[in-house]
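The values are calculated or read from the model by the stated rules, or taken from the named source; none is laboratory data. All values reported here derive from a predicted model rather than from experimental measurement. We place every Cβ from the backbone using ideal geometry, glycine too, and count neighbours over all the protein chains shown. Accessible surface is based on the protein model in full, side chains and every heavy atom, while ligands, DNA and RNA are left aside. Shrake-Rupley method; radii C 1.70, N 1.55, O 1.52, S 1.80 Å.
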Amino acid sequence: MDRKHKKVGKISDDSDSLVKCREVNRRDFLKAAAAAGIVGVVLGSTDVLAQGKKKALARGHKAAPGGFGPEPVTAELIERAHKLGIDLVWDRESHCEVALAGQGGAAGLCCFRCQMGPCTLGEATGSERGACGATKDVVVARGLVRRVAGGAAAHVEHMRSVAKTLKGMATGKIKGYEITDKAKLDAIYAGLGCTGENKALAVAEESLADLGKDEGIPAWLQYKANSERKACWEKLGIMPTGAGAEISETCHRTNMGVDADMIHLATDALKLGLVDGYCGLHPATALQDVLFGTPKLVSSLANLTVIGADKINIVVHGHEPLLSEKIVEAAEKFLAPPQPINVVGICCTGNEILMRRGVPLAGSMVQQELAIVTGAIEAMVVDVQCIMPNIQRVARHFHTKVITTNPHARIEGATHVEFKPEEADEIAKKIVQMAVDNFAQRDHSKVMIPRIPPAKVMAGFSVEQIIAALAKVNPSDPLKPLIDAIAANNIRGITAIVGCVTPRDPYGYRHLVLTRRLLAENVLVVGTGCWAHVVGQRGLLEPNPDYPGVGAGLRAVLDAVAKANGLPALPPCWHMGSCVDNSRIEDVLNPVAAYLKVKISDLPVAASAPEFITEKAVAIGVWAVNLGVLTHIGGQPYISGSEKMVKLLTADVENLIGGRFYVETNPEKAAKEILVHINAKRQKLGLPV
Ligand code: BF8
């Protein structure tokens, strides 16, 4: 059916019709608004610095405790931006007077749920109750639950895009994609209990059905969670049904005048953590592996200096690899460009194409503005999530084209080239051509790329790759070398360090200190997300045979596995991918727990998001707690206004579910506490400490 002529509100019987209607509706609205002369508010043309609001500048490269030095590339580019009068994420902060004091917004005590407010409770105002009578506990709980819903929705929509592309490919409507990992498709087909000859179609439909379910638990939860966890969640009454129903119910329950019981609301947060894990993370990761391949060891480079002064530079940024994969291909196939084309990645899109194609990592979330500040970016191509609208404001200083591509996300002033998987190759080619054409507009006198080489990185640690590497040590029982190393205390435990980078600290401080402290104590560190950018830039993903700073036991294990695989060394930390790839971590924990015949909560493991900033990170953290894992976070997630909520999430929940949150800003203290936790778990298992 021709989508242009479909009437809004008229729903056909094809399963995509609701989404199509919404898309048509939105485009029609934009056209109508433009015809009526209505334009969005253009981002301020005056820079914050130029307005004389200089404050708290350069937090990104100030000195940190313990002689922690600034990351030199970042520091040089921050300085350059400031000389040009460009304000950066480090320069902008909350404008609410009571927020940062921890008494209002930061404590989770500001409520906007209705027009009787807004109400700010607690110390800031002396109010104990909002206009409706909601207590601090209820206001805090409602805010948290909505944030977890927001994070889960982001991962669910990511997964929806991938599943719909797989479905389109399976039905022949989408031509540009193919099955790259057939074995994985077979495993998922069996794991989900699918039927039918067209396996890709069956898997895609089953995955999409999980989003629309109104009763019964998600098939992916049945498939991926272990039976002990399922029994625990069942007993607690937090088993979710479909993602759409759960997220919708949350939006309802957190309206003014609906759910006003903190504990009852908190159960929703736990349930949404499971939605995040099993309707978002797991299927997104696995279906991407089916389409683009399961990562294998790959070598590349990391830091903003992967941008080349003599190259046409295209940055791909965001989270979904559907288009970025195609842009890499289109750039490779581009005939006779005036200069070599250099595609580099930012945020998790960067992690996705590093893991599968070895594309260099340009930078983390907080470095996205700095990539443009080099003056050498022809196009920054963005999809969804963690894309700061300010990139368009920075791009105005240079020739850089910011190109939005996702139907869900536009930025005022940016060029929009809408991505449709049916036309993926043509769209990718068009975008690469736009970048090539834009090279002629580059002002070479404005190019400044620090003369510091990028760091070497090795990535690609999917579960399949880890098992394959261990199988070279023990072909008949691949997990045994890992279990033996843990039992002998050569590996004290495992910690997954994940998530964002905060601009409220010297760049990467908490990630680096925590990672280094744990490595020195023989803790195997695996990780994902922006953590990987930060530690990669500082050499912690480099396979260096000297293993600097790594404890002797861990070094011996890494060395033995490397030698068995014919490699001079393995990196001290294992990069497992983007934030949706946190699902891979459960796929390690489950077999290790099964091998030892214990629960995940009995293992000497921990999770940490020391610099978390996004709602997605909060949702992932709740999922990790649901798995039974101690989950460190580097700041309270706007809940400190409720003592009861803090107690519930950092203590009481452990008795119910096995995991809990642990909040600590100081990475030195966090490392100590994580080690205490790991040692306690070892002792309980009767292992040496
Ligand atoms: O999903 S780590 S800042 S880029 S949210 Fe965003 Fe946080 Fe980076 Fe990836 Ni994850």
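Residue-wise test of (1) closer than 19 Å to D587 by Cα; (2) not in a loop (DSSP other than H, G, I, E, B).
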{"site": "A435", "(1), (2)": "no, yes"}
{"site": "F439", "(1), (2)": "no, yes"}
{"site": "R451", "(1), (2)": "no, no"}
{"site": "Q465", "(1), (2)": "yes, yes"}
{"site": "L470", "(1), (2)": "yes, yes"}
{"site": "L482", "(1), (2)": "yes, yes"}
{"site": "P503", "(1), (2)": "no, no"}
{"site": "R510", "(1), (2)": "no, yes"}
{"site": "R517", "(1), (2)": "no, yes"}
Response to the item:
Quick count over region 384-413, residues being open to solvent by less than 20 Å² (accessible area, probe 1.4 Å) and in a loop (DSSP other than H, G, I, E, B), is 4
Discussion item. Just to check your reading of the model, which residue among P340, P321 is in contact with a Lys or Arg (Cβ under 9 Å, 6 or more places away or on another chain) and within 16 Å of the ligand (Cβ to nearest atom)?
Written reply: P321
Response to the item:
Residues in region 357-378 that are away from the ligand (no atom under 16 Å from the Cβ), assigned to a helix (DSSP H, G or I) and not β-branched (V, I, T) total 1
Item to complete: Check off (1) at positive phi; (2) at pLDDT 95 or above; (3) buried (at least 21 other Cβ atoms within 10 Å of the Cβ) for A424 and give me the number that stays unchecked.
Response: (1)
Practice prompt. Search region 224-243 for residues being assigned to a helix (DSSP H, G or I) and without any contact (Cβ under 8 Å) to a residue 40 or more places away in the chain, and hand back the single one that is least open to solvent (accessible area, probe 1.4 Å).
Written response: K230
Worksheet entry | Of all residues in region 601-650 being open to solvent by less than 10 Å² (accessible area, probe 1.4 Å) and among the polar types (S, T, N, Q), the one that is nearest to the ligand (Cβ to nearest atom) | S608
Discussion item. I'd like to verify a number: residues in region 534-581 that are within 16 Å of the ligand (Cβ to nearest atom) and open to solvent by 30 Å² or more (accessible area, probe 1.4 Å), how many?
Written reply: 0
Practice prompt. Hey, can you tell me all the residues within region 493-508 that are away from the ligand (no atom under 16 Å from the Cβ) and out of contact with any helix residue (DSSP H, G or I) (no Cβ under 6 Å at 6 or more places or on another chain)?
Written response: I494, P506
Worksheet item: Somewhere in region 521-528, is a residue touching a helix residue (DSSP H, G or I) at 6+ places or on another chain (Cβ under 6 Å), among the hydrophobic types (A, V, I, L, M, F, W, C) and within 15 Å of the ligand (Cβ to nearest atom)?
Response: no
Worksheet item: Inside region 244-268, can you point out the residues that are of a type in the set (A, V, I, L, M) and in contact (Cβ under 8 Å) with a residue 40 or more places away in the chain?
Response: I247, M256, A260, M262, I263, L265, A266
